[in-house]
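Just below is one structure, and these are the notes that go with it.
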Amino acid sequence: GYDYFYYLCSMKRLITTLLLSVLVFISYSQTPLDHRIFKTLNEYRVSKDLEPWIWTQELFPMPLHHSNYMMLLNDIEHEQGTDIPNFTEHYSLDDRFNNSDVDWVTGGENVAVVNCKGLSDNVDMSKKVLKMWINSPPHHELLLSTIYKYGAVSAIYSKTWVGSKNSDFWNYITLNVYK
């Protein structure tokens, strides 16, 4: 009677806790594409005799949040100045760092939107992101910076981008770095 009921309640709480833990982990965990982009960026840094950035899971929700913002906005930008229903905007990079779980002194950010057409895998996508940022002087400057030690990147798939009339797949990508 009572012992069996207590056991069932305990098991229900345990299963609920485990499921919630898995959902939180899944919703804030690095994807294979995120990993590949970060690895490609670090390989580039090492090829330039720079220290690789250290992945910081505590930072990951920040680029994830901003990539989701850009995807919902259907455009790319560094600020979060447009109100999106049911989304909490953090206007500036400083605001986003202040709302993160990291202890930071200074930080930087690169953003991109990349057409996935013709890209066969995550390696191709990460190389395209790197090439885009190398070809943009302010983005390239961040890639070569010796100021930052830690980082995280997030890529979000979408079927739309305001700059295109076709329905190819797109990736909205945010890199955040800090010390």
Practice item. Leaving ligands, DNA and RNA out of it, rank 84, 76, 147 by accessible area with a 1.4 Å probe, largest first. Key: 147, 76, 84
Revision key, fill the gap. From the cross-link list 117/149; 128/149; 48/179; 127/159, the entries with a Cα-Cα span beyond 27 Å are 117/149
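For residue 82 and residue 132, what is the calculated FRET efficiency with R₀ set at 30 Å and r taken between the beta-carbons, to the nearest 0.05?
On the way: r = 23 Å, r/R0 = 0.77.
Using R0 = 30 Å, I get an efficiency of 0.85.
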Point to revise | Length added when fully stretched, residue 159-residue 31, from 0.36 nm per residue minus Cα-Cα | key: 44.2 nm
**Study point:** Label-to-label distance, nm, for residues given as residue 57 and residue 144 (7 Å Cα→Cβ offset)
**Key:** 3.5 nm
Point to revise | Low-density loop cleavage sites - trypsin sites (Lys or Arg not before Pro) in region 32-134, where at most 11 other Cβ are within 10 Å (DSSP) | key: 48, 117
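How far, in nm, would the chain grow between residue 72 and residue 89 when pulled straight, counting 0.36 nm per residue and subtracting the alpha carbon separation?
Numbers: separation 17, 0.36 × 17 = 6.12 nm, distance 1.15 nm.
Length gained, residue 72 through residue 89: 5.0 nm.
The values are calculated or read from the model by the stated rules, or taken from the named source; none is laboratory data. Note that the coordinates shown come from a computational prediction; the quantities given were computed from them, not determined experimentally. Quick reminder, even Gly has a Cβ in these numbers, built from the backbone with ideal geometry, and neighbours come from all protein chains shown. We work out accessible area using only protein heavy atoms, side chains counted, and drop any ligands, DNA or RNA first. Shrake-Rupley method; radii C 1.70, N 1.55, O 1.52, S 1.80 Å.
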